[in-house]
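The values are calculated or read from the model by the stated rules, or taken from the named source; none is laboratory data. Predicted, not measured: the structure shown is a model, and the values here were computed from it. With ideal geometry, Cβ positions are generated from the backbone for all residues, glycine too; neighbour counts draw on all protein chains shown. Surface areas here come from the heavy atoms of the whole protein model, side chains and all, with no ligands, DNA or RNA. Shrake-Rupley method; radii C 1.70, N 1.55, O 1.52, S 1.80 Å.
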Amino acid sequence: MKKCAVIGSINMDMVTRVDRFPRPGETRMGISFATVPGGKGANLAVALGKLGVPVRMAGRVGGDGFGKQYLEHFASVGVDTSLVKLSPQNTTGTATIEVSDEGENHIVVVAGANLDCDIVWLEETLKDLEEEEMVLLQLEIPHSTVWQAIARLHEMGKTIVLDPAPAVELPEEILPMITYLTPNETELRILTPSLPEEADAPARIRLLLQKGVQCVVHKAGAHGAYLADASGIEHIPGYAVKAVDTTAAGDTFNAGFVAGLAMGPSLQEAVRMGNAAGAISVTAPGAQGGMPNMRQVEQLLRGEKA
């Protein structure tokens, strides 16, 4: 099985449930509170670890209790943290989330140590990625670091998987360096601002391929995914499940897809693994709570109930 690395964000989510949001200046009693590991980079690494894929996480945590807690969490799911560096003068990235009885939320994100993932840190990290064949990136650390990482990893001959989230328009010079780009519908629109608003997904996918992206895997939620390269666009159906919480479903899809690539089946089979992993992930609450192991994915691929 191919070895993987994730370069990206590490956040601790602090989730408070309330009957309603407090008004300015008002103090209200909450219903419940939980700290939940999150961050798109860490979500990917944890999902890969749960699937049994050899994975190293490269990122930064702060010199606080959340950083220590997260390192222990990584170890519990088999993620190598030798490339997670400490920012002793900073805090671990956090997302403070209030969730009301109506299901609405308020979210405040503090990037913290994620902002310390700078170019100097990147160059030190890349020295230790000789054995990893595939590297996954997202956009929750400084964008300049991500663009430089893609360029340097391309020079190193790595397979590069970019989840363009939170979405921004990508520099055109890096597009031909991306092996697999995995946008959802909203991200696909943001990546192709030159097209009119009414342009459909196939038109947007074709534009990205024309600009040099080697393969686009368009995540379409319950509808599955669309696999597109120079040979055309193919729809890979998804799986019908009862959704409880869709948080991090896209991250889990990416992990399932990369697990498929690491194991060596066809691209179509890798996308099916992504669809299955993402579908299972929504059947339990929490960003990482529903992330499946490989046995669960294989059961769903065989047609057994998730």
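Computed values, structure above
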{"quantity": "In the range 263-293, residue farthest from the chain's Cα centre (by Cα) [restricted to those that are under 15 Å from Thr182 (Cβ atoms) and hydrophobic (A, V, I, L, M, F, W, C)]", "calculated": "Leu267"}
{"quantity": "Some residue of the range 269-278 being open to solvent by 60 Å² or more (accessible area, probe 1.4 Å) and out of contact with any Cys (no Cβ under 8 Å at 6 or more places or on another chain)", "calculated": "yes"}
{"quantity": "Cβ pairs under 9 Å, 6+ apart, first in the range 261-276 and in contact (Cβ under 8 Å) with a residue 60 or more places away in the chain, second charged (D, E, K, R) and assigned to a helix (DSSP H, G or I)", "calculated": "Met263/Glu269"}
{"quantity": "Test for Thr96: is it farther than 19 Å from Ala45 by Cα and touching a helix residue (DSSP H, G or I) at 6+ places or on another chain (Cβ under 6 Å)", "calculated": "no"}
{"quantity": "Members of the range 240-262 found to be under 20 Å from the mean Cα position of the chain (by Cα) and not small (Gly, Ala, Ser), listed by number", "calculated": "Val244, Asp245, Thr246, Thr247, Asp251, Thr252, Phe253, Asn254, Phe257, Val258, Leu261"}
{"quantity": "Of the criteria (1) open to solvent by 40 Å² or more (accessible area, probe 1.4 Å); (2) under 20 Å from the mean Cα position of the chain (by Cα); (3) free of Cβ contacts under 8 Å to residues at least 24 places away in the same chain, which one Ser194 fails", "calculated": "(2)"}
